[in-house]
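Worksheet for the structure shown next.
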Amino acid sequence: MASSVVAILFLGLVIVATGESLMRTERVTTDTILGGICVYLLLGLLWVSAFTLLEIAQPGSLLVNGMALDQGGAEAHEAFRFTEILYFSFVTLTTVGYGDITPATSGARALASGEAIVGQLYVTIFVARLVGLHLAHSRQSAHDS
């Protein structure tokens, strides 16, 4: 549990710091785009940690094809759980939602809903920011000429 909490705090700090840096930029550059991609991927990893924490605290919160993640041996179980939660997180973040892994508890459903909302809002806001920066730079360049 402790490692999941530390991961959530660390990833949250990196996401906020990178996001603030992206919001301060005045031009669209390769670094801006790559930074935005990094934030998006880090958001998915943050939710992996949150779902892992939930699954540890409340086993059976996520079901894979109707079965709990906590079946099988302990060591094999950890690798399987991480892989399945990683997959579920990014499928949820992108709102693809294949349905093979489902949130079975109210906490898991709340996390999944939150991740889907954040994923959609992030893409929308980031693309709008890029377009706005590009238009502002284009107008300034035309004005300066």
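Normalised radius of gyration (Cα atoms, divided by 2.2 N^0.38 Å) for the chain: 1.27. In this structure, the amide hydrogen of L62, modeled 1.01 Å from its nitrogen in the peptide plane, lies closer than 5 angstrom to those of L69, A104, counting only residues at least 5 positions away or on a different chain. Taking L46, L34, L93 as the candidate residues, the one with maximal mean-square fluctuation in a Gaussian network model of the chain, Cα springs under 10 Å, is L34.
Every read-out reported here was derived from the displayed coordinates using simple, explicitly stated rules and does not represent laboratory data. Since the model is a prediction, treat every value here as computed from it, not as a measurement.
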